[in-house]
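Engineer: Below are the structure tokens for one structure; questions will follow.
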Amino acid sequence: MINNSLQKNQPGRAKLWAPRFNNLLKTILLTCAAATFVVLAGCSLSDYFPYAEGTPTPSPTYTEAPSPTLTSTPTPTNTPTPTNTPTPTNTPTPTPTNTPTPTPNAAPSFVLNGKSKEYVKIGKTYTDPGVSAYDDFDGDITDKVVTESDVDVNTVGTYEVKYTVADKEGQESTLTRTVYVYKKLVYLTFDDGPCVHTSKLLDLLRENYPDVKVTFFVTAQEPEYLDLIKQEYADGHTVALHTYIHDYDVVYASREGYFEDLKKMEDTVYDLIGIRPNIIRFPGGSSNTVSKKYCTGIMSYLTKEVLNRGYIYYDWNVAAGDTTGKMQTPEKYFKSVTDNGTAYCIAKKDISVILQHDININSINAVPLIIEWCKERDYTLLPLDETSPIIRHSVVNN
Ligand SMILES: [Zn+2]
């Protein structure tokens, strides 16, 4: 990858290139092929290889919420909408003469307390956060809500809590909440695609594991494969935003530059599937230090600002290690993910957000092994959504 003239720790200039092997480093080939890097005294070669996000940080500290920490914003769809609010007029008379008379027509509406999905570790107690119910005529009718639940905290499964309420006119409304009782929660996530291998992953999931949904953090590095985002979405997977291009020196050059790139990817996804994902992952993760080279403190800023702008970012706490070093066997990636002897594997976590890359064919080939291993153990495989438990690194770029 590096020509022989490069002295790793000597000041000077050297050319870098990345040979394509099984497409693993195709991106590097595209982005670094003709790049000239200035090697500064005191820097190591890895400082010049930004594509190292698969490397677990030496001693990562994770802020893992044992229970999901997302604020329980009531779903806006169930907010009661007063229909017959009198419109204020400019007449100075204190007693309006033409008070509008409300007409009974609307069914009751709910406001969900807590989240639309709740996650309960097997054997733990589950207390349902409940709902509030309103009617345009009857007002607050929360005490009339009938709750049906079949949640069994001692059996792994997906359960529903169903709320029903009727107003005086007999109009009934229902709402359901999903409750997962789990031994372990496992989130398979794939960064940097879509690419030439993405179809294979989609096919194997659709044909062999139709109940397993995963998360794609997409890029536009290979525009000819962008259409596969439609298939990811159609198959029920979560489409989330990674970055439009994957060049750290561009994405992290400035605060505005980061958001321009993110918006560009968001618009691209919107044009393809008609939705704007609010789940994102920073290139290199929020704990990356490479960005400091381009803009000091940018991660401290971005990790707060993306939340202000309504995005939810996810890092990972388990990594296949599929973008560093040479291509490994599927069995090696499988082992790295499931039980690698460290604290950062499914075997040691109650909740695992796994970093893989669909640009690595052998990492994709490891997916059936990982899924089978999880299924044998009755672990719950889910795609990320806004109710998922938060897994984030500590920001060190300040
Ligand atoms: Zn990436």
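Engineer: Quick one: how many residues across region 119-151 are among the hydrophobic types (A, V, I, L, M, F, W, C) and either within 30 Å of ARG377 (Cα to Cα) or free of Cβ contacts under 8 Å to residues at least 12 places away in the same chain (or both)?
Structural biologist: Looking only at that region, the number is 3.
Engineer: Sticking with this one: Condition first: open to solvent by 10 Å² or more (accessible area, probe 1.4 Å) and part of a strand (DSSP E or B). Can you find one or more residues in region 294-306 that meet it?
Structural biologist: no
Engineer: Is there a residue being in contact with a strand residue (DSSP E or B) (Cβ under 8 Å, 6 or more places away or on another chain) and assigned to a loop (DSSP other than H, G, I, E, B) anywhere in region 247-259?
Structural biologist: No, that holds for no residue.
Engineer: Another question, if that's okay. Among the residues of region 248-261 satisfying the criterion of being surrounded by 21 or more Cβ atoms within 10 Å (Cβ to Cβ) and away from the ligand (no atom under 11 Å from the Cβ), which is nearest to ILE273 (Cα to Cα)?
Structural biologist: Checking each candidate, the answer is ASP261.
Engineer: Does region 122-152 hold any residues that are touching a strand residue (DSSP E or B) at 6+ places or on another chain (Cβ under 6 Å), not hydrophobic (A, V, I, L, M, F, W, C) and not in a strand (DSSP E or B), and which are they?
Structural biologist: Residues satisfying the conditions are TYR126, ASP128, THR142, LYS144, ASP150.
Engineer: Restricting the search to region 201-244, which residues are assigned to a loop (DSSP other than H, G, I, E, B), under 19 Å from ILE312 (Cα atoms) and within 16 Å of the ligand (Cβ to nearest atom)?
Structural biologist: VAL214, THR219, HIS242, THR243, TYR244
Engineer: In region 247-284, which residues are under 21 Å from PRO383 (Cβ atoms) and in contact with a Leu (Cβ under 8 Å, 6 or more places away or on another chain)? Outline the logic, then answer.
Structural biologist: Of the residues in region 247-284, the ones under 21 Å from PRO383 (Cβ atoms) are 262, 265-266, 268-270, 272-283.
Passing the criteria: LEU262, MET265, GLU266, THR268, VAL269, LEU272, PRO277, ILE279, ILE280, ARG281, PHE282.
Engineer: Could you please give the count of residues in region 325-350 that are assigned to a loop (DSSP other than H, G, I, E, B) and either open to solvent by less than 50 Å² (accessible area, probe 1.4 Å) or more than 22 Å from PHE190 (Cα to Cα) (or both)? Quick ask: steps written out before the conclusion?
Structural biologist: Within region 325-350, the first condition is being assigned to a loop (DSSP other than H, G, I, E, B), and the residues that meet it are 325-329, 339-345, 349-350.
From the residues that got through so far, the ones that are either open to solvent by less than 50 Å² (accessible area, probe 1.4 Å) or more than 22 Å from PHE190 (Cα to Cα) (or both) too are 327, 341, 345, 349.
Count: 4.
The values are calculated or read from the model by the stated rules, or taken from the named source; none is laboratory data. In this text, all values refer to a predicted model and were calculated from it rather than measured experimentally. Every residue, glycine as well, gets a Cβ built from its backbone with ideal geometry; the counts of neighbours run over all protein chains shown. Note: areas computed on protein heavy atoms with side chains; ligands, DNA, RNA excluded. Shrake-Rupley method; radii C 1.70, N 1.55, O 1.52, S 1.80 Å.
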